[in-house]
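This is the structure, below, for whatever I ask next.
The values are calculated or read from the model by the stated rules, or taken from the named source; none is laboratory data. Treat the numbers as computed from the prediction; the structure is a model and nothing was measured. With ideal geometry, Cβ positions are generated from the backbone for all residues, glycine too; neighbour counts draw on all protein chains shown. Keep in mind that these areas ignore ligands, DNA and RNA; they rest on the heavy atoms of the full protein, side chains included. Shrake-Rupley method; radii C 1.70, N 1.55, O 1.52, S 1.80 Å.
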Amino acid sequence: MIRSQNKIKVETNSSSMSDLVFLLLIFFMITSTLISPNAVKLLLPESNSKTMARETVTVYIDENHNFFVDNDVPIAVDELESFIRTSIGTEVDDACVTLRADKNVPVQDVVQVIDAVNSINASTGAKHKVILATSPKQ
């Protein structure tokens, strides 16, 4: 029987692959800490409901009754409607305005946001909705 002296060895060097995976892991860990979905720190009211919606605009109300629309800059209550209107845009007819209000905020502040969205709906004929964000009950 004749045997071949040259055997083909199939090997892959995976050391560079592990370096690449490690670098990607570090990259995603660093970038995920830079993204802050809740820029305004709030204690949300608790609820058992789990309604999910497509979020278009987020309105924040902190414990000091400051209003924020999609950023960290406080806005006046009388400018609330115009900020929401520009954040929604004109091409959307059924936007969801998510209201993230601190649990110690009076109901009147929540009603002001709802009134602003209802005013936009009345003037444009749109069907925008306001959804109150909550945290799960413990």
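For Val130, what residues show an amide H to amide H distance below 5 Å, using hydrogens built from the backbone and excluding near sequence neighbours?
Val97
For Ser18, what accessible area in Å² do you get when you roll a 1.4 Å probe over the heavy atoms of the protein chains, rounding to the nearest 10?
70 Å²
Here is a follow-up. Taking K and R as +1 and D and E as -1, what net charge do the other residues with C-beta under 13 Å from the C-beta of His65 add up to? Working shown, then result.
Values: positive: none; negative: Asp62, Glu63, Asp102, Asp109.
Summing Lys and Arg as +1 and Asp and Glu as -1 gives -4.
At Val73 and Lys9, where each label point lies 7 Å from the Cα along Cα→Cβ, what is the point-to-point distance in nanometres?
6.5 nm
Can you give the FRET efficiency to the nearest 0.05 for Asn104 and Ser32, using r as the Cβ-Cβ distance and R₀ = 30 Å?
Details: r = 30 Å, r/R0 = 1.00.
Once rounded, the FRET efficiency stands at 0.50.
Using a simple spin-label model with points 7 Å from Cα along the Cα→Cβ vector, what separation in nm is obtained for Thr86 and Leu25?
Rounded to a tenth, the inter-label distance reads 4.5 nm.
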